[in-house]
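**Student:** Have a look at the structure that comes next, please.
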Amino acid sequence: MEPLKNIYDLAFITKLEDVFTQHYPAFDKERFRTSLLETEWEELALKERMRQITLSLAPVLPQDYGQAITILRQCAPAFTGLGGIIFPDFVEQYGLEEWELSIEALAYFTQFSTSEFAVRPFLIKDQPKMLAQMEVWASSENEHIRRLASEGCRPRLPWGLSVPALKKDPARVLVILEKLKEDESLYVRKSVANNLNDISRINPDLAVEIAESWYGENQKTNWIIKHACRSLLKKGDPRVLQIFGFENNDNLTVSNFRITPERLLIEESIEFSFSLTSELEVPHKVRVEYAIDYVKANGKQSRKVFHLSELEWKGVRKKVFTKKQSFKDMTTRKHYPGVHRITIIVNGAEKAALEFDLVRA
């Protein structure tokens, strides 16, 4: 798989030079390219390359910030997707003291890429003012700007600059999320759900309170709450399980749990199966998950929970589940030898567990 950082490849840089020259004939391509590549370019990660482009653009654009932003606005529509974050990054790097001009630029640039990372320093500089601006953005007719309102104030934004005040008190963003909880755009609703999921990892009680208040209002809000509570569901939080009707009771049983093989090599796969039986005669909902306790490099175990199925049964039922799990090393997970465990979880309750041995060739 091509590394994500390679969106900033030679073709991107050449296009960038050509587009800037088109809108700003004084653009010094040679100076820009020399400045850009004076670092160990191949060793730079995605956001490091982004920042190096920003730093290399500044000397070859007008030193007046307003003039530079005008040129950037003309060029930005040619660079959609993640690569376009270089434009809001310029605002983040050079526009903190030019609030009004920068805020307008961030709202404009996010329509072609995303300004979610660039707004973070503005939140740190003046959180009340920036949150008030995000509340205005939440009423925009443009879904990209509405999403910026929610995504930019996430308490735990991946790749984003940490905003300690939001981690300490995530309730500050709720006025923004309230305005977006019935948004017509799935793009926006996903962001609201991710924001709430962040909150659930910082303040579970607050997240549950919101879930209990919002759930049942309409289908759009219901979807947000279900997606937002994914971490709490995996943790088996009984309050959240109850919201969605996943009642834990003794009438749900697991039997015939088997693992094949019980000893395997790293890079191989394991297959497991089990039967789930319900003795309930009334309609009921069933959430089926499995957890793997992976051995870490230090020999201790770390659990990861995987979603398997959700069922709506109207009476006594029985179903056989079969699942294959790979233990091939990936960039996101490296496997280590030792005794592992698979646990079957039904409606938040552990129902059965088996161990197996993972070994090196």
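The values are calculated or read from the model by the stated rules, or taken from the named source; none is laboratory data. It should be emphasised that the depicted structure is a prediction, and the values quoted were computed from it without experimental measurement. Virtual Cβ from ideal backbone geometry, glycine too; neighbours counted across all protein chains shown. Side chains are part of the model used for accessible areas, which takes the heavy atoms of the whole protein and leaves out ligands, DNA and RNA. Shrake-Rupley method; radii C 1.70, N 1.55, O 1.52, S 1.80 Å.
Residues checked against (1) under 33 Å from the mean Cα position of the chain (by Cα); (2) under 17 Å from residue 356 (Cβ atoms); (3) not polar (S, T, N, Q):
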{"position": "279", "(1), (2), (3)": "no, no, yes"}
{"position": "282", "(1), (2), (3)": "no, no, yes"}
{"position": "286", "(1), (2), (3)": "yes, no, yes"}
{"position": "290", "(1), (2), (3)": "yes, yes, yes"}
{"position": "297", "(1), (2), (3)": "yes, no, yes"}
{"position": "302", "(1), (2), (3)": "yes, yes, no"}
{"position": "309", "(1), (2), (3)": "yes, no, no"}
{"position": "318", "(1), (2), (3)": "no, no, yes"}
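**Student:** Hey, does the stretch 108-116 have a residue that's of a type outside the set (Ser, Thr, Tyr) and closer than 14 Å to residue 195 by Cα?
**Tutor:** Yes.
**Student:** Also, quick follow-up: In the stretch 101-112, what residues are open to solvent by 20 Å² or more (accessible area, probe 1.4 Å) and outside any helix (DSSP H, G or I)?
**Tutor:** Answer for the stretch 101-112, where residues must be open to solvent by 20 Å² or more (accessible area, probe 1.4 Å) and outside any helix (DSSP H, G or I): 111, 112.
**Student:** Further, regarding this structure: Which one of these does residue 116 not meet: (1) buried (at least 17 other Cβ atoms within 10 Å of the Cβ); (2) of a type outside the set (A, V, I, L, M, F, W, C); (3) assigned to a helix (DSSP H, G or I)?
**Tutor:** Only one criterion in (1) buried (at least 17 other Cβ atoms within 10 Å of the Cβ); (2) of a type outside the set (A, V, I, L, M, F, W, C); (3) assigned to a helix (DSSP H, G or I) is unmet by residue 116, namely (3).
**Student:** So which residues in the stretch 84-100 are part of a helix (DSSP H, G or I) and buried (at least 20 other Cβ atoms within 10 Å of the Cβ)?
**Tutor:** 84, 85, 86, 87, 88, 89, 90, 91, 92
**Student:** Residues in the stretch 242-256: is at least one surrounded by 13 or more Cβ atoms within 10 Å (Cβ to Cβ), within 28 Å of residue 339 (Cα to Cα) and not hydrophobic (A, V, I, L, M, F, W, C)?
**Tutor:** Yes, that holds for at least one residue.
**Student:** Separate question: What number of residues within the stretch 312-361 are assigned to a loop (DSSP other than H, G, I, E, B), of a type in the set (Ser, Thr, Tyr) and surrounded by 11 or more Cβ atoms within 10 Å (Cβ to Cβ)?
**Tutor:** 1
**Student:** Could we say that residue 288 is touching a strand residue (DSSP E or B) at 6+ places or on another chain (Cβ under 9 Å), more than 30 Å from residue 2 (Cβ to Cβ) and surrounded by fewer than 13 Cβ atoms within 10 Å (Cβ to Cβ) here?
**Tutor:** no
**Student:** Answer yes if at least one residue in the stretch 214-225 is among the hydrophobic types (A, V, I, L, M, F, W, C) and not in a helix (DSSP H, G or I), and no otherwise.
**Tutor:** So far as the stretch 214-225 goes, no, none of its residues is among the hydrophobic types (A, V, I, L, M, F, W, C) and not in a helix (DSSP H, G or I).
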